[in-house]
Structures are given as structure tokens and as C-alpha cells.
1. Farther than 17 Å from VAL17 by Cβ and of a type in the set (Asp, Glu): is that true of ASP161 in this structure?
2. Considering only the stretch 208-226, how many residues are β-branched (Val, Ile, Thr) and either assigned by TED's automatic domain parsing to the domain that holds THR16 or free of Cβ contacts under 8 Å to residues at least 12 places away in the same chain (or both)?
3. Which of the residues belonging to the stretch 132-174 are in contact with a Ser or Thr (Cβ under 8 Å, 6 or more places away or on another chain), among the polar types (S, T, N, Q) and either in a loop (DSSP other than H, G, I, E, B) or free of Cβ contacts under 8 Å to residues at least 12 places away in the same chain (or both)?
4. Under 8 Å between Cβ atoms, at least 6 apart or on separate chains: pull out the pairs that start in the stretch 83-109 with a residue that is without any contact (Cβ under 8 Å) to a residue 12 or more places away in the chain and of a type outside the set (Phe, Trp, Tyr) and end on any residue that is assigned to a loop (DSSP other than H, G, I, E, B) and crowded, with 17+ Cβ neighbours inside 10 Å.
5. Could you tell me which residue of the stretch 190-222 is nearest to the chain's Cα centre (by Cα), considering only residues that are among the basic types (Lys, Arg) and assigned to a helix (DSSP H, G or I)?
6. Of all residues in the stretch 1-31, how many are of a type outside the set (A, V, I, L, M), part of a strand (DSSP E or B) and either surrounded by fewer than 24 Cβ atoms within 10 Å (Cβ to Cβ) or in contact with a Lys or Arg (Cβ under 8 Å, 6 or more places away or on another chain) (or both)?
7. Which residues, taken from the stretch 175-207, are touching a residue at least 40 places away in the same chain (Cβ under 8 Å) and within 18 Å of SER144 (Cα to Cα)?
8. Say we look at the stretch 175-206 and pick out the residues that are among the β-branched types (Val, Ile, Thr), touching a Ser or Thr at 6+ places or on another chain (Cβ under 8 Å) and surrounded by fewer than 16 Cβ atoms within 10 Å (Cβ to Cβ); which of these is modelled with the highest pLDDT?
Amino acid sequence: MRIAISSQTSNGLDSTVAQHFGRCPYFALVDIYDNEVQAINVIDNPFYAGHQAGQVPQFIHEQEATVMISGGMGGKAIQFFQQLGIQAATGASGTVRDTLESYLGGELREAAPCATSVSHAHGHDHDHVNEEVVRAMEAVEHPSIAATLLNLGMLRDYSVDDGHKAVLTLMLPFPNIPDNIRDHMVNSLAMAIQAAGGQLVKVSIGIMNDTERQNFLTLEKQNWRE
């Protein structure tokens, strides 16, 4: 069995899982036999900059994967995967290693479309604006680290409804992050969403687990702004 997992980084089993299957820089292709990892190959996503409907599912099919796992994906994408005989699973987070353990342990099974994709079915104009809002959120960078909040694992569970209203979770590496840094990130997200035609209506705050925190600290060290 070959499992494809959307990834933000290219670090083998320690790669960080991406929250959107189509807009991820990499895919981790993992060969599994008897619930054990036999091989892993992290490849570039040729459609990272943009894609048409069905292109990414077809690409995954060409890689001979039978399972596609991501943080989230749209309803249309799930249908494409089903038509290609590929099982789609969502709700993944942490590293590729964590995700494999969750999937093989039966915790990740059925894909559920994200709220953004539900709104996509209601018209082209909604689709365009919501896509722009999502892209705007995903492009917001940390004030002290030369990396996006998405890549750092700080932007989680984000969605946009038919009224272009956005909700998201901001994951903090530590509970004692200074208020001014947290508020700066929230304000940056709100401004980016507004500039794209949306409105940030709810921000939930979460705390990273040990694995997520270690990934964050590694990226922080690599991308700290001098």
C-alpha cells in the first residue's frame, strides 16, 4: 500500500503535514507493508503555485498511491479521489510519522470536506473570493521568523463560509507567548483576510504538542530574522 501525505517540509518521516492537500509544497509517498514503513519518498508538488480541478488527484493517482491524507481538502477533491479509487482521509496534523501512526491505528479514516470547499459549490464568485481569502491567510508570516504561520504549524483549522467570514485556530508553541506578539499575528491575519475581501470573525487559541513544538523550534532556528 502506498500512502500520499501532504507536506510542508521535506524531512522524510519528520516532515510537517500540510493543512491543505493542493497547496502544499511536497507530497510524502510512503510504502507500507504489514503496517510497517518500507520506503518513503518526498516529492515536489508540481501544482503548488496553482492547479485546475482534478489535476492534483490525477497526479497522486499517477504516483500509484491508494490513500491520500491531509489536514483538509475540498468536497470536489474528495469526489475526484473516490472516482480514482483512492481513499481520502483528513484531520492530519503534526509530522508524517504521527499521521501514519494515527492512520494505521484507525484514527484517520474518512475524509470530511473543509468549510471552504462547502462554500465552493455555491457559485464562481464565492469560489474566487474564498480562494483569495484562504491564500491571504496562508501567506501571512511570523513577525520574527521568515516563514508563514502555516509552514510553522501555527495556522490550523481555517475555513471561510459563503459570506466570506473566516474562522481559524492559532497554535502557539508555548502558553506564555507575549500578548503583543500574539496580537500582532492575529491583526496581521485579520488585515490580510480583509484585503482579500473577507472578514475574520473568530480566532481560537491552541497550544502545540511536543512534536509540533519541536518542528516549530527547528524552523524558527533555520529562519530567524537577523
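1. Values: farther than 17 Å from VAL17 by Cβ: yes; of a type in the set (Asp, Glu): yes.
Yes; evaluated as a whole, the condition is true for this residue.
2. The first filter runs over the stretch 208-226 and keeps only residues β-branched (Val, Ile, Thr), leaving 211, 218.
Subsequent filtering for residues that are either assigned by TED's automatic domain parsing to the domain that holds THR16 or free of Cβ contacts under 8 Å to residues at least 12 places away in the same chain (or both) retains 218.
Here the count works out to 1.
3. ASN151
4. Close Cβ pairs (under 8 Å, with a partner that is assigned to a loop (DSSP other than H, G, I, E, B) and crowded, with 17+ Cβ neighbours inside 10 Å) amount to SER102/ALA92; SER102/LEU108.
5. The first filter runs over the stretch 190-222 and keeps only residues among the basic types (Lys, Arg), leaving 202, 213, 221.
Pick out the ones that are also assigned to a helix (DSSP H, G or I) and you get 213, 221.
Working: ARG213: 16, LYS221: 22 Å.
Result: ARG213.
6. First, pick out the residues of the stretch 1-31 that are of a type outside the set (A, V, I, L, M): 2, 6-12, 14-16, 19-27, 31.
Filter once more, keeping what is part of a strand (DSSP E or B): 2, 6-7, 16, 26-27, 31.
Filter again for either surrounded by fewer than 24 Cβ atoms within 10 Å (Cβ to Cβ) or in contact with a Lys or Arg (Cβ under 8 Å, 6 or more places away or on another chain) (or both), leaving 2, 26, 31.
Number of matching residues: 3.
7. Just the residues of the stretch 175-207 that are touching a residue at least 40 places away in the same chain (Cβ under 8 Å), to begin with: 184-185, 188-189, 192-193, 195-198, 204, 206.
Once the filter is applied, which keeps residues that are touching a residue at least 40 places away in the same chain (Cβ under 8 Å) and within 18 Å of SER144 (Cα to Cα), the stretch 175-207 yields HIS184, MET185, SER188, LEU189, ALA192.
8. First pass over the stretch 175-206, keeping only residues among the β-branched types (Val, Ile, Thr): 177, 181, 186, 193, 201, 203, 205.
Right, trim to touching a Ser or Thr at 6+ places or on another chain (Cβ under 8 Å) and you get 181, 203, 205.
Now restrict to residues that are surrounded by fewer than 16 Cβ atoms within 10 Å (Cβ to Cβ): 181, 205.
Values: ILE181: 92, ILE205: 95.
Applying the filter and picking the extreme gives ILE205.
The values are calculated or read from the model by the stated rules, or taken from the named source; none is laboratory data. These numbers were taken from a predicted model, which means no experiment stands behind them. For neighbour counting, all protein chains shown are included, and Cβ atoms are generated from backbone atoms with ideal geometry for every residue, glycine included.
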